[in-house]
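The values are calculated or read from the model by the stated rules, or taken from the named source; none is laboratory data. The shown structure was predicted, so the numbers you read here are calculated from the model rather than taken from an experiment. Note: ideal-geometry Cβ built from the backbone for every residue, glycine included; neighbour counts use all protein chains shown. For the accessible areas, the whole protein counts, side chains as well, though only heavy atoms, and no ligand, DNA or RNA atoms are used. Shrake-Rupley method; radii C 1.70, N 1.55, O 1.52, S 1.80 Å.
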Amino acid sequence: IKQLSKSRYAVFEPTWQTQAVERLQLETDLRRAIERQEFHVYYQPIISIKTDKLIGFEALVRWHHPNKGWVSPVEFIPVAEETGLISLIDRYVLREACRQMVIWEQQFPHKFPLTISVNLSAAQLAQLGLIERIDQILKETGIKREHLKIEITESSLTGNHASEIAMLQQLKNLGIQLSIDDFGTGYSSLARLHQLPIDTLKIDRSFVNQMGSDSESLEIIRTIISLAHILEMDVIAEGVETSEQLLQLQALECEYSQGFLFSRPVDRQTAERLISACSSL
Ligand code: C2E
Ligand code: CA
Ligand code: CA
Ligand code: CA
């Protein structure tokens, strides 16, 4: 047995150590990344399915690491959440996105209103002073509040219902819009959803991805859309990659689409080309 466990250690220990070292390195690098301005904001267009027009963008953070190059948010957001660094990242993205919108409105007045959607990590929702900090950024940048949407994942709304309603209401009171992100992957009951001051549901891309091949996904999407409409919310389908998916969503009266079919997340300059190319609303 001793022999066996020894050999097992010999196999597992290095991997575990390497992982721990890598993780620690990532954390150190993340701390530096903020000071060194290695974060960038990319913009993914959101399109009206009915009119085919650009209605706005989702702001998505990108990290350009000095040695590794581009690191995916899927890799570093969880570490940033565990270490609390996410609040700095989210604030950076919010400030940058709001600043950009003010510039774009001056640059392309006849293409407005456009909206910018910004992600707010669950880890922040309960943080003291969150509303004040957001309000400060809105004042500082001068963004028109109706142009900003904040996205909160459905899975982050599983705590105390009363305090979540209160917190979302405080966000709404700032004059901004609210979306529930990755909808369908959490466990919102109809009763809970009904009480939340939400403008938009974003259908998780796993359903959109399977809607062509799996009739259950299609039915889930149909149900989410009718639910949203009953509650007077509109719907964005995420991860739309094919024109078949777009047609199906159109038939289901989904309002908006976001996905590689139209465009990947793009840098500022490319976003500007997209804005100037789109016909005005
Ligand atoms: P999310 O908020 O659900 O963002 C949508 C993700 O789906 C983005 O990945 C986007 O690039 C990707 N996507 C969009 N259309 C398609 C498509 O047609 N096909 C496929 N396969 N993927 C598509 P990204 O940018 O890698 O971000 C991943 C996640 O990281 C985000 O998921 C979000 O949870 C988090 N994230 C990104 N930026 C921020 C941020 O500034 N703050 C916070 N808290 N989280 C962020
Ligand atoms: Ca999002
Ligand atoms: Ca999402
Ligand atoms: Ca997601």
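Table for the structure above
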{"item": "Kirkwood hydrodynamic radius over Cα pairs of the chain, then Stokes diffusion coefficient at 25 °C and 0.890 mPa s, in µm²/s", "result": "120 µm²/s"}
{"item": "Å² of accessible area per residue within the chain, as computed with a 1.4 Å probe and no ligands counted", "result": "53 Å²"}
{"item": "Lys, Arg +1 and Asp, Glu -1 on Cβ, resulting dipole of segment 217-281 about Cα centre, debye, nearest 20", "result": "220 debye"}
{"item": "Percent carbon-and-sulfur accessible area, segment 154-281, ignoring ligands, DNA and RNA, probe 1.4 Å", "result": "50 percent"}
{"item": "Computed E for Gln127/Gln17 - FRET, C-beta separation, R0 25 angstrom, nearest 0.05", "result": "0.15"}
{"item": "Rel. contact order, % - alpha carbon contacts under 8 angstrom, at least six apart, the chain", "result": "20 percent"}
{"item": "Mean-position separation - Cα centroids, segment 16-66 and segment 242-270, in angstrom", "result": "21 Å"}
{"item": "Neighbourhood charge, 9 Å Cβ-Cβ cut-off, centred on Asn119 and excluding it, Lys, Arg +1 and Asp, Glu -1", "result": "-4"}
{"item": "Spin-label pair Val74/Arg145, simplified geometry with 7 Å Cα→Cβ offset, distance in nm", "result": "3.7 nm"}
{"item": "Average Cα contact separation per residue, segment 180-224, under 8 Å, 6 or more apart, as relative contact order %", "result": "39 percent"}
{"item": "Net charge of Cβ neighbours under 15 Å - reference Ile143; Lys, Arg +1; Asp, Glu -1", "result": "+3"}
{"item": "Set Lys53/Lys139; Lys68/Lys139; Lys50/Lys144 screened for pairs whose C-alpha atoms are more than 31 Å apart", "result": "Lys68/Lys139"}
{"item": "Fraction of antiparallel bridges per DSSP, the chain only, in percent to nearest 5", "result": "40 percent"}
{"item": "Sum of -39500 (n - 2.57) over DSSP H runs of 4+, divided by residues of the chain (222 nm, nearest 500)", "result": "-16000 deg cm²/dmol"}
{"item": "For peptides 153-163, 109-119, 52-62, sequence by mean Cβ density within 10 Å, most packed first", "result": "52-62, 109-119, 153-163"}
{"item": "Solvent-accessible area, 1.4 Å probe, carbon plus sulfur percent, for segment 1-140", "result": "56 percent"}
{"item": "Sorted peptide list for 88-100, 165-177, criterion being average Cβ within 10 angstrom, highest first", "result": "88-100, 165-177"}
{"item": "Given charges at beta-carbon only (K, R positive; D, E negative), |dipole| of segment 53-153 in Debye", "result": "380 debye"}
{"item": "Efficiency of FRET from Cβ geometry, Gln269 and Glu219, R₀ 51 Å, rounded to 0.05", "result": "0.80"}
